[in-house]
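The values are calculated or read from the model by the stated rules, or taken from the named source; none is laboratory data. Note that the structure is predicted; figures quoted are calculated from it, not measured. Heads up, the Cβs are rebuilt from the backbone with ideal geometry, glycines too, and the neighbour counts pull from every protein chain shown.
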There are 4 protein chains.
Amino acid sequence: MEGFRISEASVVFLKKPRLKEPILIEGLPGVGNVGKLAAEHLIDEIKAKKFAEVYSNDFPPQVLINDDGTIKLVRNELYYWKGKDKQLIILVGDYQGLSARGQYMLAQAILDIVEKYGTKMIFTLGGYGTGMEVEKPRVTGAATHIEIVRKLKKYGVNFKDEPGGGIIGASGLLLGLGMLRGMKGACLMGETAGYIVDPNSARQVLEVLTRYLGLDINFAKLEEKALEVKRITERIKKMEMAAEKSEKEDLRYIG
Amino acid sequence: MEGFRISEASVVFLKKPRLKEPILIEGLPGVGNVGKLAAEHLIDEIKAKKFAEVYSNDFPPQVLINDDGTIKLVRNELYYWKGKDKQLIILVGDYQGLSARGQYMLAQAILDIVEKYGTKMIFTLGGYGTGMEVEKPRVTGAATHIEIVRKLKKYGVNFKDEPGGGIIGASGLLLGLGMLRGMKGACLMGETAGYIVDPNSARQVLEVLTRYLGLDINFAKLEEKALEVKRITERIKKMEMAAEKSEKEDLRYIG
Amino acid sequence: MEGFRISEASVVFLKKPRLKEPILIEGLPGVGNVGKLAAEHLIDEIKAKKFAEVYSNDFPPQVLINDDGTIKLVRNELYYWKGKDKQLIILVGDYQGLSARGQYMLAQAILDIVEKYGTKMIFTLGGYGTGMEVEKPRVTGAATHIEIVRKLKKYGVNFKDEPGGGIIGASGLLLGLGMLRGMKGACLMGETAGYIVDPNSARQVLEVLTRYLGLDINFAKLEEKALEVKRITERIKKMEMAAEKSEKEDLRYIG
Amino acid sequence: MEGFRISEASVVFLKKPRLKEPILIEGLPGVGNVGKLAAEHLIDEIKAKKFAEVYSNDFPPQVLINDDGTIKLVRNELYYWKGKDKQLIILVGDYQGLSARGQYMLAQAILDIVEKYGTKMIFTLGGYGTGMEVEKPRVTGAATHIEIVRKLKKYGVNFKDEPGGGIIGASGLLLGLGMLRGMKGACLMGETAGYIVDPNSARQVLEVLTRYLGLDINFAKLEEKALEVKRITERIKKMEMAAEKSEKEDLRYIG
């Protein structure tokens, strides 16, 4: 593409699929990478196809190095999937915008695309940081319309009693800006410690989403990842405890 | 609104009321939330009607979660009120702009609206941080023209003797930019500690404003809020004193 | 001015004087406020007249409160003066731009104005922070062309031996950007501690400048200000020494 | 140039050389200034000629002072060189852009220029911070295409086994953005401590590059610089050791 330039949001279409009212699902990096893990697992399981790349001069000025020594410019990606009675567009990526302005511009560029496909429903996926380990992460929700709140409650989604919270970044903006275009949607947030990637929380979020969408997918790979994270964190804990114990014993020798 | 996009200041009109030279009153978040509390109380008491929402890509990229689980994109709001001989436009909202540039753009967008309605007078409401608790908060002022300074002094407004202060944010910009369009106005700042919301200070500010405007409103709800804040701060103080005392007693046992 | 809006650099002309090749002199806030003090003193002494105000959405979003309780939006100001054989435009103001981009835009807006008047020479005034008190501040220089370096040396201006320094802000940009438009100029920097306003350093800078320009002005007011600053700093020093002494005596009682 | 204004990337051509498919080589300031040292040495040795200067309002708002007291506005510079069967464009400069957006704009402005000359290949040079001194710095690489990875391995370039790294700034962006225009290229990163300029690492990088390009240049000046840096760091180390020793001896006197 001669003279190709990147503005605040530049979309490169790899193909232009015919889609009818696809549901938009967002899973960009965030707290515990819950949304990203969930959306990427969904793409893998339903074999969604990439059809567009989104570049932005509000992303970090950076390329990432792949395993084979080649590079890629940081970007977001759009995948599509056509089911029997449902179609999906899934948004994943390396980064969110660095500035407030960039985040608004990027969310609006995504909405411009899906609006043309007739999208009426948006699900944004993310993590809800609790600051401590959660054995059985609940899924907390927020929605554009009260009837969606009611419906999600039936799927076991938790809605906070105290007011005053907020949803920062693409997970919030796509819904807030989508509402202004007449779209509906909800954010599904998996409880997570917040200081480590959390495939277990991603699984809970994805379970609610797939049940809501009537999709039947396999969670084995996400469970494997969750076990691996658990193994690593437990090894670290043991090392810390051992270090602590040996310190105490050292002190005993002194005493 | 298909294709709706948010720039540095995008106004969505819910209705277009006919107004004649309305006085603009601003109460956005700030020190002690004095201005916000005052303006919101005024809206409630005189039953002003919302007629416009202002969105900005310089606001935090965020939605807020309402009590019922639904969301709203962060925004500012404009209300209007038609009295017998006075009309008001009241500006309230969730946030001020994040950047200098955004704040200028937002203030100018507001002035564009009220200028079309023929606004000639602006009151901006805010807090004046003193760093310590104030039992009887005075109202400090600053104005675009010396005759307004003189008039406000008659209403008990305090004007500082030492030079060199400044008014940061919308409370300053609306006046400074309004002056350049031939408007007049004043900023009313209630003394406040600065580290806690201060309905008592908001009440003092609103009392001056309503007397100046010849409005007669009820302050009961603001007084209730002030009492609640007082109860909470006193409970915290008692807990701190108790903690201190028990610490001292612990030390006595050691001695 | 109905609908008046402020961009990165918006000039409001109060009058449009006829000028011929005026020399531009810049004295905006900076290290020790040396440039600002010098330029403001020059304006007062030669009775230069204000002809333009420069506003910018890259200035802090703020109004300043005057002594009489009225306000002014932060801005820069341009003054002119017509001598027998020399004409001057003097740039002073409350702030410099907050961002790199804003500073470039503001400097370019100033150059746009003076270029139309045929300006060929620019003097920028500033402070050169040494980190310690300087009894007899030298004036350090930097210039656009080697012949100006040579000429300024004859006026006692010091040029550093070690390379690698820089001039940040308007004092640097006006010269650097002016060069690209074919203008010449120099920066005169008075040595100063850097942590206090320094009228004495401003005087040294202004003495070099006025001798170079063949102007004869009175420095009494600048000397008064310098004495006042000296009195204040000495009082503070005495208080610190007294505090130190009493601390030592307290220690003696303990011993 | 009357009315000359600097935008995010403004190119001033000093001459317009006829070039055919020149290879772009980038060496802007970065970790250990490895890329800058390498590119500047290459320019000196092959006697490349400057043909363009790039200014940007995203560079620091600053002029640099030359040894003779004259100034220059901070900028990037483009040099060209015509060999028998190869032509080069070399990019060096004082700074990279301050913001993400500015860095994208600057990289795109450079690509606009070289694309017109038919550039198909880009080498970006930089340092790879290891956090400790490296006696024999290896050259680590990353490339746009797998065949370039393979070819560079034959020249002794190291490719990391673990995934997940990134290349920040112009060295990454020129390749990432160049790819989107159909260009190929690689980044050569010399291992370096990261806290000191490293001519030795620059030499290793330049050796790989010149062998790849079939150029035969002299490294004497770079070796001299490397020795000088070594002398200085060793002197500092000795001073630190002496200071440590005398401290220990002081302690002995006490004991």
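Descriptive notes on the structure:
- Of everything in segment B:119-143 that is assigned to a loop (DSSP other than H, G, I, E, B) and of a type in the set (S, T, N, Q), the residue that is nearest to the chain's Cα centre (by Cα) is B:130.
- Residue identified as closer than 30 Å to residue D:96 by Cα and hydroxyl-bearing (Ser, Thr, Tyr) among A:70, A:119, A:130, A:140: A:70
- Check on residue C:42, farther than 27 Å from residue C:168 by Cβ and either touching a strand residue (DSSP E or B) at 6+ places or on another chain (Cβ under 7 Å) or crowded, with 22+ Cβ neighbours inside 10 Å (or both): no
- Counted residues, segment B:104-120 - those being closer than 25 Å to residue B:192 by Cβ and in contact with a Gly (Cβ under 9 Å, 6 or more places away or on another chain): 2
- Residue within segment C:63-84 that is more than 30 Å from residue B:141 (Cβ to Cβ) and of a type in the set (Asp, Glu) present: no
- Qualifying residue in segment A:54-67 (condition: more than 28 Å from residue B:58 (Cβ to Cβ), modelled with pLDDT of 95 or more and of a type in the set (Asp, Glu)): no
- Qualifying positions in segment B:1-54 - within 14 Å of chain A (Cβ to nearest Cβ), over 18 Å from the mean Cα position of the chain (by Cα) and in a strand (DSSP E or B): B:10, B:11, B:12, B:13
- Residue B:107 being out of contact with any Asp or Glu (no Cβ under 7 Å at 6 or more places or on another chain) and in the same structural domain as residue B:203 (by TED's automatic domain parsing): yes
- Every residue from segment B:94-142 that is of a type in the set (Asp, Glu), within 12 Å of chain C (Cβ to nearest Cβ) and surrounded by fewer than 18 Cβ atoms within 10 Å (Cβ to Cβ): B:112
- Here is the figure for segment C:66-93: residues that are in a loop (DSSP other than H, G, I, E, B) and either more than 18 Å from residue C:114 (Cβ to Cβ) or under 17 Å from the mean Cα position of the chain (by Cα) (or both) total 8.
- So residue A:234, is it outside the structural domain of residue A:134 (by TED's automatic domain parsing), free of Cβ contacts under 8 Å to residues at least 60 places away in the same chain and touching a Pro at 6+ places or on another chain (Cβ under 9 Å): no
- Hits in segment D:1-25 - residues which are closer than 16 Å to residue D:51 by Cα, touching a helix residue (DSSP H, G or I) at 6+ places or on another chain (Cβ under 9 Å) and of a type in the set (Val, Ile, Thr): D:11, D:23, D:25
- Test for residue D:97: is it touching a Ser or Thr at 6+ places or on another chain (Cβ under 7 Å) and not aliphatic (A, V, I, L, M): yes
- Any hit, segment D:157-176, residues being surrounded by 21 or more Cβ atoms within 10 Å (Cβ to Cβ), modelled with pLDDT of 95 or more and farther than 27 Å from residue D:77 by Cα: yes
- Condition check for residue C:152: facing another protein chain (nearest Cβ under 10 Å), within 25 Å of residue C:102 (Cα to Cα), part of a helix (DSSP H, G or I) and not acidic (Asp, Glu): no
- Hits in segment D:184-196 (condition: modelled with pLDDT of 95 or more and either part of a loop (DSSP other than H, G, I, E, B) or basic (Lys, Arg) (or both)): D:184
- Flag if residue D:102 is at negative phi, part of a loop (DSSP other than H, G, I, E, B), in contact (Cβ under 8 Å) with a residue 24 or more places away in the chain and of a type outside the set (S, T, N, Q): no
- Count of residues meeting criterion [of a type in the set (Asp, Glu), under 26 Å from residue B:21 (Cβ atoms) and touching a residue at least 60 places away in the same chain (Cβ under 8 Å)] in segment B:105-143: 1
- Which numbered condition residue C:57 fails, given (1) in a loop (DSSP other than H, G, I, E, B); (2) without any contact (Cβ under 8 Å) to a residue 60 or more places away in the chain; (3) surrounded by fewer than 23 Cβ atoms within 10 Å (Cβ to Cβ); (4) within 14 Å of chain B (Cβ to nearest Cβ): (3)
- One residue from C:114, C:63 being assigned by TED's automatic domain parsing to the domain that holds residue C:183, in a helix (DSSP H, G or I) and hydrophobic (A, V, I, L, M, F, W, C): C:114
- Checked against (1) part of a helix (DSSP H, G or I); (2) within 14 Å of chain D (Cβ to nearest Cβ); (3) touching an Asp or Glu at 6+ places or on another chain (Cβ under 8 Å), residue C:181 meets all criteria but (1).
- Residues that are under 30 Å from residue C:67 (Cβ atoms), away from chain A (no Cβ under 14 Å) and either crowded, with 23+ Cβ neighbours inside 10 Å or in contact (Cβ under 8 Å) with a residue 12 or more places away in the chain (or both) do not occur anywhere in segment B:60-82.
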